Amino acid sequence: MNIVKLRKWFFALSALFIIPGIISLIIPGGFKLGIDFSSGSVATYSFTNNVSEKDVRTAVENIGHPEAIIQKIDEKTVLIRSKLLKEASIDAQGVRIESEKKLLEDTLITKFGDLVSTQYDATHPIIASETVRNAAIAVIIAAFGILLYVTWAFKSIPNSFRYGTAAIVALVHDLLIVVGLFSILGRFMNLEINAMFIVGLLTVLGYSVNDTIVIFDRIRENLRKQIEQPLDIIINDSIFQNLGRSMNTSFTTTLVLVALLLMGGSTIQSLLIALLIGVFAGTYSSIAIASQFLVFWEKKEFTKLFSIKSSTSS
């Protein structure tokens, strides 16, 4: 089977996944940001008695947070997300003002009885903005480092820079799929992005480039053995020689991630979902994007695309 001949179909299939995600990102409210990025407070309380979302909302509004988002986890557990709750302070007359967290808990205890705080996180706006900036810098540095490493690792073969560029194209492909799907899931399933999501993105970069380098390494070996063969045939052979390994690795990794997703807590949900999407996208891109991009470049199909556009416009 000549899988390389299908490269245009692979590119089209990727576009079907990437374009809806980009559209979702462009439309206002593209991400459902967790407090790591948007700042604020999030608390989870478990009560001894059943509680209603409406009554909890009323209690939260009474302490001055009508913007709060209330989400019931089960009949006795509720998650409250709001703007940053004020800490305890001393006013001008020296009177102590209790923290809004304590006021909230006292109000809830009065209304619903005893409670247990199972989670409380608070992020200041300055820290949130720093998190966004540091996350972007981390992804850019990782991508640039991968480009340099792959170019250096394959310096012994002609056009080594193409291999580094192809690896980056595959990484951008994977990141767009993960980020786009998170945007869509945020709109329909209230899936938030947080610091664990960034950890997931960076892990996806490593996983994807590892799979890509394995195939590139086989291409390098076959280039030395089959000097007379065209590049597209060598790449096609290399893909099939590694296909079983790639599929088996992805399958076993997926089993572990699904098990963790079913048994793990909500704190690592973003990480696991990002990894799960990234495993599929990374395996696919190593075979259908990075390797095919080398053929696309070798055959100068960029030039053909531009020539078709210019002839059509004239």
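Karplus-derived 3J(HN,Hα) values for the stretch 167-178, using 6.51 cos²θ - 1.76 cosθ + 1.60 with θ = phi - 60°, are 5, 5, 4, 5, 5, 4, 4, 5, 5, 5, 5, 5 Hz; glycine and proline are entered as x. With coordinates expressed along the principal axes, the C-alpha atoms belonging to the stretch 155-248 extend over 54, 26, 18 Å, beginning with the largest.
Pop out the ³J(HN,Hα) list for the stretch 252-260 in order, Karplus 6.51 cos²θ - 1.76 cosθ + 1.60 with θ = phi - 60°, rounded to Hz; leave Gly and Pro as x. Those phi angles translate into 5, 5, 4, 4, 5, 5, 5, 4, 5 Hz. When the solvent-accessible area of the chain is split by element, carbon and sulfur atoms take up 65 percent of it, the probe being 1.4 Å.
Suppose we take every Cα in the stretch 1-85 and form the convex hull; what volume per residue is that in Å³?
Working: hull volume 14.1 nm³, N = 85.
Value for the stretch 1-85: 166 Å³ per residue.
What number, in percent, do you get for the relative contact order of the stretch 136-250 if the mean sequence gap of Cα pairs under 8 Å and at least 6 apart is divided by its residue count? About 22 percent, as a whole number.
Tell me the mean residue ellipticity at 222 nm calculated for the chain from its helices only (DSSP H runs of n ≥ 4, each -39500 (n - 2.57), averaged over every residue, nearest 500). Please report the intermediate quantities before stating the final value.
Details: 11 runs with 208 residues, N = 314.
Only helices count here, giving -22500 deg cm²/dmol.
For the chain, the relative contact order is 22 percent, taking Cα pairs closer than 8 Å that sit 6 or more residues apart in sequence and dividing their mean separation by the residue count.
Taking the longest Cα principal axis of the chain as reference, the axis of helix 301-313 is set at about 80 degrees. Protein heavy-atom accessible surface, 1.4 Å probe, per residue over the chain: 54 Å².
For the stretch 183-189, the Karplus equation 6.51 cos²θ - 1.76 cosθ + 1.60, evaluated at θ = phi - 60°, returns couplings of 4, 5, 5, x, 6, 9, 10 Hz by residue, with Gly and Pro reported as x.
In the calculated pair-distance distribution of the chain, the portion above 33 angstrom amounts to 42 percent of the Cα-Cα pairs.
For residue 300, the lysines whose Cα falls under 22 Å of its own Cα, not counting residues fewer than eight places away in the same chain, are 5, 8, 155, 309. Taken about its Cα centre, the chain carries a charge dipole of about 1300 debye when Lys and Arg each add +1 at the Cβ and Asp and Glu each add -1 at the Cβ.
The values are calculated or read from the model by the stated rules, or taken from the named source; none is laboratory data. Keep in mind the model is a prediction, meaning the values are calculated, not measured. Cβ atoms come from the backbone with ideal geometry, glycine included; neighbour counts cover every protein chain shown. Accessible surface is based on the protein model in full, side chains and every heavy atom, while ligands, DNA and RNA are left aside. Shrake-Rupley method; radii C 1.70, N 1.55, O 1.52, S 1.80 Å.
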